[in-house]
Amino acid sequence: MKDRRVLGLHLGLVVLLFALQFVLPDYHHTNVARIMVLATYAMGYNLLVGYTGLLSLGHAMFFAAGLYGAGLPIYYFAMHPVGGFVLGCLAALALAILVGLIALRTTGVAFMIVTMMFAQAFFLATLYFNDVTHGDEGLVLSPEARRFAVLGLDLDLAEPMTRYNMALALFIGGMIVCLALVRSPMGRVLVAIRENEERTKMLGYNARDYKLLALSLSGLLSGAAGAAYVLLFAYMGSSFAAIQYSILPLLWVLLGGIGTVIGPLIGTALMFYLIDKTSEVMSSYLIVVGAVLVALVLFFPKGIAGSLRARYLRWMP
């Protein structure tokens with residue numbers, strides 16, 4: 001019964017997202033595609049902070065590693081978009097492993113500070129190599145660079161329907177990975193590490209190896225979102241490596257529900273439209289955004305999905 005409920009919930013969400021593309025106006029059509037890509041980034045972050053208990057302030061470097069790892073070879077060397085996407089994912093994975101080998105020597109606040117320092121170094125590198133990255137000005141992929149053939153299909157990522165469905169495919173892939181992980185023995189070990197690392201070690205588990213694996217998967221999923229972002233929306237710039245893009249996924253996860261599979265999508269969509277709508281009517285929109293965030297934290301301390309799970313839907317992963 002529980003498995004059927006979980007399958008029904010997530011399958012229903014996928015069907016809803018697929019159906020929306022046929023009724024949304026152009027503006028919201030693009031926004032929902034962007035939200036699905038960013039929600040995949042938030043899901044990657046949630047694997048680390050929500051299930052393993054490691055608070056990172058450096059995830060922007062993984063998102064940006066995927067962004068630049070995919071975008072720069074396509075921009076400068078006309079690489080095939082599929083190859084660029086794979087290269088972006090591998091760049092983020094390699095960076096996550098490298099950072100993990102160093103940062104996981106620390107715990108708690110020290111881990112958070114070390115990841116933030118790595119992210120700031122990455123951000124400054126994107127500015128330093130301005131001749132290549134063009135810094136905050138960024139680079140824009142040409143429409144021709146985003147048009148390609150794969151498996152006999154001619155795809156144009158600048159075309160709204162194609163872009164939307166590619167974003168949906170990425171989101172579905174991320175959701176499947178998260179569901180499979182959190183319901184697996186490995187996922188239970190990660191939760192055990194979050195709850196009591198010392199007791200988990202006493203049971204014979206190598207907590208550091210599990211944390212490194214969690215960080216690697218988190219970086220890979222975040223990098224895949226970054227690689228998809230540059231392919232679907234054609235832009236890459238240093239702003240994606242700034243500290244803001246390390247804080248945003250934390251807010252998305254906290255709002256949607258930390259340690260839940262659908263929480264990152266809820267939090268990303270809520271905050272995206274909250275900023276979008278308030279910025280249309282006032283210049284000091286961050287005041288309103290901050291007030292709403294405080295209210296949500298007060299009334300939904302575990303996030304929206306997390307609070308619903310605690311009160312009504314205890315079977316929800």
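The values are calculated or read from the model by the stated rules, or taken from the named source; none is laboratory data. No experiment lies behind these values; they were computed from the predicted model shown. So basically every Cβ, Gly included, is an ideal-geometry build from the backbone, and we count neighbours across all protein chains shown. Please note that ligands, DNA and RNA were not included when accessible areas were found on the heavy atoms of the full protein model with its side chains. Shrake-Rupley method; radii C 1.70, N 1.55, O 1.52, S 1.80 Å.
Can you tell me how many residues in the range 130-168 are β-branched (Val, Ile, Thr) and in a helix (DSSP H, G or I)? Counting residues in the range 130-168 that are β-branched (Val, Ile, Thr) and in a helix (DSSP H, G or I) gives 3. Checking the stated criteria, TYR75 turns out not to satisfy the condition of being in a helix (DSSP H, G or I), open to solvent by less than 70 Å² (accessible area, probe 1.4 Å) and either more than 26 Å from PHE18 (Cα to Cα) or touching a Leu at 6+ places or on another chain (Cβ under 7 Å) (or both).
If you check LEU11 against the conditions, is it closer than 26 Å to LYS302 by Cα, part of a helix (DSSP H, G or I), free of Cβ contacts under 8 Å to residues at least 12 places away in the same chain and open to solvent by 30 Å² or more (accessible area, probe 1.4 Å)? Taking the combined requirement at face value, the residue satisfies it.
Of all residues in the range 144-168, those satisfying the criterion of being open to solvent by 30 Å² or more (accessible area, probe 1.4 Å), touching a residue at least 24 places away in the same chain (Cβ under 8 Å) and not basic (Lys, Arg) are VAL150, ALA158, PRO160, MET161, ASN165, MET166. Among the candidates TYR27, TYR41, TYR45, the residue that is outside any loop (DSSP other than H, G, I, E, B), within 21 Å of TYR273 (Cβ to Cβ), modelled with pLDDT under 95 and of a type outside the set (A, V, I, L, M, F, W, C) is uniquely TYR27.
Among the residues of the range 17-67, those that are more than 21 Å from ARG208 (Cβ to Cβ), hydroxyl-bearing (Ser, Thr, Tyr) and within 13 Å of the chain's Cα centre (by Cα) comprise THR40, TYR41.
Restricting attention to the range 129-142 and to residues that are over 23 Å from the mean Cα position of the chain (by Cα) and surrounded by 12 or more Cβ atoms within 10 Å (Cβ to Cβ), the residue that is nearest to VAL230 (Cα to Cα) turns out to be SER142.
Within the set GLY100, GLY108, the sole residue that is open to solvent by 10 Å² or more (accessible area, probe 1.4 Å), over 30 Å from SER142 (Cβ atoms) and not basic (Lys, Arg) turns out to be GLY108. Residues of the range 242-256 that are over 23 Å from TYR128 (Cβ atoms) and crowded, with 21+ Cβ neighbours inside 10 Å: LEU248, PRO249, TRP252, VAL253, LEU254, LEU255, GLY256. Of the residues PRO25, PRO73, only one is more than 14 Å from SER218 (Cα to Cα), out of contact with any Cys (no Cβ under 8 Å at 6 or more places or on another chain), touching a residue at least 12 places away in the same chain (Cβ under 8 Å) and not β-branched (Val, Ile, Thr); which? After ruling out the rest, the residue left standing is PRO73.
Restricting attention to the range 35-67, which residues are more than 21 Å from ALA305 (Cα to Cα) and surrounded by fewer than 24 Cβ atoms within 10 Å (Cβ to Cβ)? Once the filter is applied, which keeps residues that are more than 21 Å from ALA305 (Cα to Cα) and surrounded by fewer than 24 Cβ atoms within 10 Å (Cβ to Cβ), the range 35-67 yields only LEU57.
Taking into account only those residues within the range 170-187 that are farther than 19 Å from ILE35 by Cα and out of contact with any helix residue (DSSP H, G or I) (no Cβ under 6 Å at 6 or more places or on another chain), which is surrounded by the most Cβ atoms within 10 Å (Cβ to Cβ)? Please lay out each step first, then the result.
The initial filter retains those residues of the range 170-187 that are farther than 19 Å from ILE35 by Cα, namely 179-187.
From what is left, the residues that are out of contact with any helix residue (DSSP H, G or I) (no Cβ under 6 Å at 6 or more places or on another chain) are 179-180, 182-186.
Numbers: LEU179: 17, ALA180: 11, VAL182: 20, ARG183: 14, SER184: 11, PRO185: 7, MET186: 16.
Filtering first and then ranking leaves VAL182.
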